[in-house]
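**Student:** Can you read through this structure? Questions will come right after.
The values are calculated or read from the model by the stated rules, or taken from the named source; none is laboratory data. As the structure is a prediction and not an experimental result, all values here were calculated from the model. For neighbour counting, all protein chains shown are included, and Cβ atoms are generated from backbone atoms with ideal geometry for every residue, glycine included.
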Amino acid sequence: MDVRPEHSLDEGRLAAFLAEHLPAGDGSGRLSLAQFDAGQSNPTYLVTFGGRRYVLRKKPPGKLLPSAHAVDREYRIMQALADTEVPVPSLRVLCDDDSIIGTMFYVMDFIEGRVFKDPALPALPTGDRGRVFETATATLASLHRVDWRAAGLEDYGKSQDYIARQIHRWSGQYEASKTEEIPAMDQLTRWLSDNMPSDVNDPRNVTIAHGDFRIDNMIYSPDSLDPIAVLDWELSTIGHPLSDFAYCAMMYFIPAKAQPSPGLAGLNLAEHGLPSLSEFVAMYAAAAGRSDISAMNYYMAFSKFRMAAILQGVYKRSLDGNASSRIAGQVGEFVKTFAKAGLMFSDGTFRVD
């Protein structure tokens, strides 16, 4: 939890800024910082100021890819969702003045609760684990029901051609971060471009997309199995709901012993009290009121492609010395793993219907 040297902040300037924008608390003005190890993209800190706890997220230092690390987008969408069914933290202030701590940042309230880093949920009794999956899918479905225009997000993202634009964006970022040739990634990119479903622009398939929806990106109540906050909105946009869900379902294809992010592959799911992938898909379909999920395999392949591109960026930043997590350098092999898994959805080796 110590602040890593490469992510140290000017505590004097930060304290002065917080004194102007946060409640006085105990009036002491004392500031202390710790850095969360989670958050490989944007450095995230536990801030204690005036006897109260907050969370600060900032852009990382160094040369950044275009449109990446958009902490201002995180702030904006959480503001927009504050009065909806979707649980989000209470926001305090967004600062775009780089002279304070070097890059743009925002501050939100610290939320006391439980974060489940392992989707196998070993900390919970077997009989409680399925409930976490149910509430996760219900929360995601509630996000996809939000009227994004009424929420003031009319210009938050383009409402047409989401998948085509995402393929263009992530293939470009992958190429900009590439450290070696990965033929599976090239093949997958071509297949996705050539096989887009015909209904991608149907109005029902244009919703807010979280972009990184996972069980470990939620805080659960300390007293129940209900989510009380959804975190890490950096990749949110106006997108496709099945793509958003398919990303969440990737945990079923990640080995249970994988580090830094374990998954569920290789586990006897029934013995562990966990839903199968088909059951998980059915949970989401029921919560979202969807009877037709025939295109899910395409979105499963797309989600693997997208994750491979994201992880390639994390890996490249680790080689350049400005990744925000100590474990970022371990993700290089995951790029190949996800690209190959995406190809297996493209040729029918993996299917969810």
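**Student:** Considering D186, D199, which residue is closer than 29 Å to S318 by Cα and either in a loop (DSSP other than H, G, I, E, B) or without any contact (Cβ under 8 Å) to a residue 40 or more places away in the chain (or both)? If you could, list the steps in order and put the result at the bottom.
**Tutor:** Working: D199 fails: closer than 29 Å to S318 by Cα.
Exactly one of D186, D199 is closer than 29 Å to S318 by Cα and either in a loop (DSSP other than H, G, I, E, B) or without any contact (Cβ under 8 Å) to a residue 40 or more places away in the chain (or both), namely D186.
Results for (1) out of contact with any Pro (no Cβ under 9 Å at 6 or more places or on another chain); (2) in a loop (DSSP other than H, G, I, E, B); (3) at pLDDT 95 or above, shown as yes or no for each residue.
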| residue | (1), (2), (3) |
| --- | --- |
| A120 | no, yes, yes |
| L124 | yes, yes, yes |
| R131 | yes, no, yes |
| E134 | no, no, yes |
| A138 | no, no, yes |
| A141 | no, no, yes |
| D147 | yes, yes, yes |
| G152 | yes, yes, yes |
| K158 | yes, yes, no |
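**Student:** Here are some conditions: (1) in a helix (DSSP H, G or I); (2) under 21 Å from A68 (Cα atoms); (3) of a type outside the set (A, V, I, L, M, F, W, C). S193 meets all but one. Which one does it not meet?
**Tutor:** Here S193 clears every test but (2).
**Student:** Does Y162 fit the bill of being touching a Ser or Thr at 6+ places or on another chain (Cβ under 7 Å), touching a residue at least 12 places away in the same chain (Cβ under 8 Å) and more than 22 Å from F253 (Cα to Cα)?
**Tutor:** On the way: touching a Ser or Thr at 6+ places or on another chain (Cβ under 7 Å): no; touching a residue at least 12 places away in the same chain (Cβ under 8 Å): yes; more than 22 Å from F253 (Cα to Cα): yes.
No; evaluated as a whole, the condition is false for this residue.
**Student:** While we're here: Determine which member of the set A286, A308 is touching a helix residue (DSSP H, G or I) at 6+ places or on another chain (Cβ under 9 Å), modelled with pLDDT of 90 or more, in a helix (DSSP H, G or I) and surrounded by fewer than 19 Cβ atoms within 10 Å (Cβ to Cβ). Steps first, please.
**Tutor:** Values: A308 fails: surrounded by fewer than 19 Cβ atoms within 10 Å (Cβ to Cβ).
Answer to the selection: A286.
**Student:** Under 19 Å from the mean Cα position of the chain (by Cα), farther than 23 Å from V3 by Cα, not assigned by TED's automatic domain parsing to the domain that holds F245 and not β-branched (V, I, T): does that describe A80?
**Tutor:** Yes.
Each row is one residue, and each column tells you yes or no for (1) crowded, with 19+ Cβ neighbours inside 10 Å; (2) touching an Asp or Glu at 6+ places or on another chain (Cβ under 7 Å); (3) acidic (D, E).
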residue	(1), (2), (3)
L81	yes, no, no
L91	no, no, no
D98	no, no, yes
G113	no, no, no
F116	yes, yes, no
T139	yes, no, no
R145	no, no, no
D161	no, no, yes
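**Student:** Strands (runs of 3 or more DSSP E) wholly in region 209-254 with at least 3 residues that are farther than 23 Å from P122 by Cα and assigned by TED's automatic domain parsing to the domain that holds Q166 - which ones?
**Tutor:** Those strands (runs of 3 or more DSSP E) span 237-239.
**Student:** Let me ask another. Is it the case that region 198-214 has a residue that's touching a Cys at 6+ places or on another chain (Cβ under 8 Å) and at pLDDT 95 or above?
**Tutor:** Quick first cut of region 198-214, residues touching a Cys at 6+ places or on another chain (Cβ under 8 Å) only: 213-214.
Remaining after also requiring at pLDDT 95 or above: 213-214.
Taking every residue of region 198-214 in turn, at least one turns out to be touching a Cys at 6+ places or on another chain (Cβ under 8 Å) and at pLDDT 95 or above.
**Student:** Do the conditions hold for V71, that is, is it surrounded by 19 or more Cβ atoms within 10 Å (Cβ to Cβ), closer than 26 Å to E112 by Cβ, modelled with pLDDT under 95 and not assigned by TED's automatic domain parsing to the domain that holds L319? Walk me through it before giving the result.
**Tutor:** On the way: surrounded by 19 or more Cβ atoms within 10 Å (Cβ to Cβ): yes; closer than 26 Å to E112 by Cβ: yes; modelled with pLDDT under 95: yes; not assigned by TED's automatic domain parsing to the domain that holds L319: yes.
Taking the combined requirement at face value, the residue satisfies it.
**Student:** Identify the single condition in (1) surrounded by 12 or more Cβ atoms within 10 Å (Cβ to Cβ); (2) closer than 29 Å to S318 by Cβ that L18 does not satisfy, given that it satisfies every other one.
**Tutor:** Of (1) surrounded by 12 or more Cβ atoms within 10 Å (Cβ to Cβ); (2) closer than 29 Å to S318 by Cβ, only one is false for L18: (2).
**Student:** While we're looking at this one, here's another question. Just checking, how many residues over region 7-38 are of a type in the set (S, T, N, Q) and farther than 30 Å from Q259 by Cβ?
**Tutor:** Step one: of region 7-38, the residues of a type in the set (S, T, N, Q) are 8, 28, 32, 35.
Next cut, farther than 30 Å from Q259 by Cβ only: 28.
Within region 7-38, residues that are of a type in the set (S, T, N, Q) and farther than 30 Å from Q259 by Cβ number 1.
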